[in-house]
Amino acid sequence: MFGLLDSLLDELQDISASPWFYLAILAIALLDSVVPIVPSETAVILGGIAAGQGDLNIALVIASGAGGAMLGDNMAYSIGKRFSVRIQRWYNAKPKRSAQLAWASRQLATRGGSLLLTARFVPGGRTVITLTSGITRQGRIRFVAFVILACAVWASYGAGLGYFFGNQFKDDHTKAFLIAFGTAIGLTILLEIVRHVRRKRKGEHEEDAAAVLAG
């Protein structure tokens, strides 16, 4: 899989110095949100590398990646909402798929925005979450707000990796992908720790309030 990924990205790297690469980044980020075939992280990183070498503009690289990702995430939401009955029927056809959909629905109900943020860094995972957001009719305004934040952070991170550390990644796309994926895991763990601490403190405050009322 990584061999095929490197081959595809070698071809992208050959055109990464061209102004047309902005459009390529946007298109790949959009496609990856709906049909996760080529991880768009690496395309954004390649754009960052080209910007670091003076061939592209780093702000436009970030805007292209974030813009394509936003469009793709909203497209996935619309697909989930428009074809929710058919998609749910497909998921419910097998217990494992049904369990995945139920898990995503529960997580969205409890974690919502933080899940959209962390899922943006996980190829494939973001598609499941954005589709499920549409299927379960999550609030569109709230969804869009978190998607804008998530995509902006994601694109800035990927482009920044390429811009500042390009020499380490230009001949090793697998490393770039693994670092981006590792960041997603680390961010997820950090957010879960924060949620756990906040939930614990909230529980303690509720207990104190109950004790006061009882006393």
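The values are calculated or read from the model by the stated rules, or taken from the named source; none is laboratory data. Since the structure is predicted, the reported quantities are computational estimates derived from the model, not experimental observations. With ideal geometry, Cβ positions are generated from the backbone for all residues, glycine too; neighbour counts draw on all protein chains shown.
Across the range 93-144, what is the total count of residues that are among the β-branched types (Val, Ile, Thr) and free of Cβ contacts under 8 Å to residues at least 60 places away in the same chain?
Quick first cut of the range 93-144, residues among the β-branched types (Val, Ile, Thr) only: 110, 118, 122, 127-130, 132, 135-136, 141, 144.
Next, only the ones that are free of Cβ contacts under 8 Å to residues at least 60 places away in the same chain stay: 110, 128-129, 132, 135-136, 141.
The qualifying residues number 7.
Output the residues belonging to the range 68-77 that are free of Cβ contacts under 8 Å to residues at least 60 places away in the same chain and either among the aliphatic types (A, V, I, L, M) or surrounded by fewer than 24 Cβ atoms within 10 Å (Cβ to Cβ) (or both). Even if it seems obvious, please write down each step before you answer.
Restricting attention to the range 68-77, the residues satisfying the condition of being free of Cβ contacts under 8 Å to residues at least 60 places away in the same chain are 68, 71-72, 75-76.
If the condition is that a residue be free of Cβ contacts under 8 Å to residues at least 60 places away in the same chain and either among the aliphatic types (A, V, I, L, M) or surrounded by fewer than 24 Cβ atoms within 10 Å (Cβ to Cβ) (or both), then 71, 75, 76 are the ones that fit.
Taking the range 17-39 only, how many residues are hydroxyl-bearing (Ser, Thr, Tyr), under 18 Å from residue 59 (Cβ atoms) and either assigned to a helix (DSSP H, G or I) or in contact (Cβ under 8 Å) with a residue 60 or more places away in the chain (or both)? Before you say what the answer is, go through the steps one by one.
Taking the range 17-39 as the starting set, the residues that turn out to be hydroxyl-bearing (Ser, Thr, Tyr) are 18, 22, 33.
Now drop any that are not under 18 Å from residue 59 (Cβ atoms), which leaves 18, 22.
In the following step, the residues that additionally are either assigned to a helix (DSSP H, G or I) or in contact (Cβ under 8 Å) with a residue 60 or more places away in the chain (or both) were identified as 22.
Adding up the residues that qualify gives 1.
Among the residues that make up the range 51-69, is at least one of them among the hydroxyl-bearing types (Ser, Thr, Tyr), at pLDDT below 85 and assigned to a helix (DSSP H, G or I)? Steps first, answer last, please.
Taking the range 51-69 as the starting set, the residues that turn out to be among the hydroxyl-bearing types (Ser, Thr, Tyr) are 64.
If we keep only those that are at pLDDT below 85 as well, we get none.
Checked the range 51-69: no residue is among the hydroxyl-bearing types (Ser, Thr, Tyr), at pLDDT below 85 and assigned to a helix (DSSP H, G or I).
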